[in-house]
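Trainee: Right, I'll just put the structure down here and ask away after.
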């Protein structure tokens, strides 16, 4: 299964604390295994939809990353916490999560509530684990 484009993966990784050292092999170390009863074709369709969402909303990912970096930069340079930058980064992350939630609902409705949801969750966990729904 193809993951998000490398440029977006780096931005999302930076946004959520994964440091990118340029090595590609370690980025999939904690990828959750997909449920065995979900077809690979359906997971691939979900992955395609997620990639398209990420590409269409690249500015949102960039904005979140930019504000997170700004807050981090201010914190490390002089110890000043930038609440404004943190709030803006959190708002962008919330918009991303909201969009992914809507995409999941739409995908699940189109491909069967249970199987579609499982396929979407597996694809999201593989390409963007920081946005995947926590296991309950």
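Trainee: Restricting region 58-81 to residues that are more than 22 Å from residue 99 (Cα to Cα) and in contact with a helix residue (DSSP H, G or I) (Cβ under 8 Å, 6 or more places away or on another chain), which is surrounded by the most Cβ atoms within 10 Å (Cβ to Cβ)? Full working, then the answer.
Mentor: Looking only at region 58-81, we keep the residues that are more than 22 Å from residue 99 (Cα to Cα), and these are 69-81.
Cutting the leftovers down to in contact with a helix residue (DSSP H, G or I) (Cβ under 8 Å, 6 or more places away or on another chain) gives us 69-71, 74, 80-81.
Values: 69: 15, 70: 16, 71: 21, 74: 16, 80: 10, 81: 10.
The qualifying residue surrounded by the most Cβ atoms within 10 Å (Cβ to Cβ) is 71.
Trainee: Quick one: in region 82-91, which of the residues that are surrounded by fewer than 19 Cβ atoms within 10 Å (Cβ to Cβ), in contact with a helix residue (DSSP H, G or I) (Cβ under 7 Å, 6 or more places away or on another chain) and part of a helix (DSSP H, G or I) is modelled with the highest pLDDT?
Mentor: Let us first name the residues in region 82-91 that are surrounded by fewer than 19 Cβ atoms within 10 Å (Cβ to Cβ), namely 82-84, 86-88, 90-91.
Checking which are in contact with a helix residue (DSSP H, G or I) (Cβ under 7 Å, 6 or more places away or on another chain) leaves us with 82, 86, 88.
Next, only the ones that are part of a helix (DSSP H, G or I) stay: 86, 88.
Values: 86: 87, 88: 90.
Ranking the qualifying residues of region 82-91, first place goes to 88.
Trainee: Another question about this same structure. For region 87-129, enumerate the residues that are farther than 20 Å from residue 37 by Cα and more than 13 Å from the chain's Cα centre (by Cα).
Mentor: 87, 88, 89, 90, 91, 102, 106, listed by residue number.
Trainee: What number of residues in region 98-123 are exposed (fewer than 14 other Cβ atoms within 10 Å of the Cβ) and either in contact with a helix residue (DSSP H, G or I) (Cβ under 6 Å, 6 or more places away or on another chain) or not in a helix (DSSP H, G or I) (or both)?
Mentor: Residues of region 98-123 exposed (fewer than 14 other Cβ atoms within 10 Å of the Cβ): 98, 101-102, 106, 109-110, 112-114.
From the residues that got through so far, the ones that are either in contact with a helix residue (DSSP H, G or I) (Cβ under 6 Å, 6 or more places away or on another chain) or not in a helix (DSSP H, G or I) (or both) too are 112.
The qualifying residues number 1.
The values are calculated or read from the model by the stated rules, or taken from the named source; none is laboratory data. This is a predicted model, so every value here is computed, not measured. With ideal geometry, Cβ positions are generated from the backbone for all residues, glycine too; neighbour counts draw on all protein chains shown.
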